[in-house]
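Asker: One structure, pasted below without further comment.
The values are calculated or read from the model by the stated rules, or taken from the named source; none is laboratory data. Because the structure is a prediction, the values reported are computed rather than measured. These area figures cover heavy atoms from the full protein model, side chains too; ligands, DNA and RNA do not enter into them. Shrake-Rupley method; radii C 1.70, N 1.55, O 1.52, S 1.80 Å.
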Amino acid sequence: MRFQVFYHHEHSAQNDPMQETLALMKYMVNHNASHARELAELADKLAKLGNLDAAQQVRTAVAEFEQGNLRLTAVMESLR
(Lines give C-alpha, C1' and ligand atoms only; values in the text may rest on other atoms or scores of the structure.)
Protein backbone atom coordinates (compact mmCIF):
# COMPACT_ATOMS: atom_id res chain seq x y z
CA MET A 1 0.00 0.00 0.00
CA ARG A 2 1.23 3.46 -0.91
CA PHE A 3 0.86 4.92 2.60
CA GLN A 4 2.41 2.00 4.44
CA VAL A 5 5.76 3.76 4.94
CA PHE A 6 3.97 6.75 6.44
CA TYR A 7 2.21 4.55 8.97
CA HIS A 8 5.43 3.05 10.23
CA HIS A 9 6.64 6.49 11.24
CA GLU A 10 3.54 7.01 13.38
CA HIS A 11 4.45 5.00 16.47
CA SER A 12 0.98 5.21 18.01
CA ALA A 13 -0.61 4.01 14.77
CA GLN A 14 1.10 0.64 14.77
CA ASN A 15 -1.34 -2.20 15.47
CA ASP A 16 -4.24 0.22 16.05
CA PRO A 17 -6.57 0.48 13.06
CA MET A 18 -8.25 3.70 14.28
CA GLN A 19 -4.94 5.45 14.87
CA GLU A 20 -3.73 4.20 11.51
CA THR A 21 -6.86 5.63 9.86
CA LEU A 22 -6.45 8.96 11.65
CA ALA A 23 -2.81 9.12 10.59
CA LEU A 24 -3.84 8.59 6.97
CA MET A 25 -6.55 11.25 7.23
CA LYS A 26 -4.09 13.71 8.75
CA TYR A 27 -1.65 13.02 5.94
CA MET A 28 -4.39 13.53 3.33
CA VAL A 29 -5.57 16.82 4.88
CA ASN A 30 -2.00 18.17 4.90
CA HIS A 31 -1.46 16.93 1.36
CA ASN A 32 -4.70 18.59 0.22
CA ALA A 33 -3.72 21.87 1.90
CA SER A 34 -0.42 21.81 0.04
CA HIS A 35 -2.21 21.36 -3.27
CA ALA A 36 -4.68 24.12 -2.42
CA ARG A 37 -1.78 26.52 -1.90
CA GLU A 38 -0.26 25.49 -5.23
CA LEU A 39 -3.59 25.98 -6.97
CA ALA A 40 -4.00 29.44 -5.42
CA GLU A 41 -0.60 30.37 -6.85
CA LEU A 42 -1.73 29.04 -10.22
CA ALA A 43 -4.83 31.23 -10.04
CA ASP A 44 -2.63 34.26 -9.36
CA LYS A 45 -0.49 33.42 -12.40
CA LEU A 46 -3.57 33.05 -14.58
CA ALA A 47 -4.84 36.42 -13.40
CA LYS A 48 -1.48 38.05 -14.19
CA LEU A 49 -1.65 36.50 -17.65
CA GLY A 50 -5.01 38.18 -18.14
CA ASN A 51 -7.16 35.07 -17.95
CA LEU A 52 -9.46 36.31 -15.20
CA ASP A 53 -12.23 33.78 -15.88
CA ALA A 54 -9.87 30.84 -15.51
CA ALA A 55 -8.29 32.42 -12.42
CA GLN A 56 -11.72 32.79 -10.81
CA GLN A 57 -12.64 29.20 -11.61
CA VAL A 58 -9.42 27.97 -10.00
CA ARG A 59 -10.06 30.16 -6.95
CA THR A 60 -13.53 28.65 -6.67
CA ALA A 61 -12.01 25.18 -6.85
CA VAL A 62 -9.52 26.14 -4.11
CA ALA A 63 -12.38 27.30 -1.88
CA GLU A 64 -14.19 24.00 -2.44
CA PHE A 65 -10.97 22.09 -1.76
CA GLU A 66 -10.56 23.99 1.51
CA GLN A 67 -14.19 23.33 2.45
CA GLY A 68 -13.62 19.62 1.94
CA ASN A 69 -10.54 19.78 4.13
CA LEU A 70 -12.57 21.45 6.88
CA ARG A 71 -15.05 18.59 6.72
CA LEU A 72 -12.28 16.01 6.89
CA THR A 73 -10.73 17.81 9.86
CA ALA A 74 -14.09 17.77 11.65
CA VAL A 75 -14.37 14.03 11.03
CA MET A 76 -10.89 13.50 12.46
CA GLU A 77 -11.75 15.51 15.57
CA SER A 78 -14.95 13.50 16.08
CA LEU A 79 -12.98 10.25 15.92
CA ARG A 80 -10.34 11.20 18.47
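Asker: Which percent of the accessible area of region 18-73 is formed by carbon and sulfur heavy atoms (probe 1.4 angstrom)?
Answerer: 56 percent
Asker: Kindly give Rg over Rh for region 12-72, based on alpha-carbon atoms, with the Kirkwood expression for the hydrodynamic radius.
Answerer: Looking at region 12-72, the ratio lands at 1.22.
Asker: Rounded to the nearest 10 Å², what accessible area does ARG59 show when all protein chains are kept and the probe is 1.4 Å?
Answerer: The value for ARG59 is about 100 Å².
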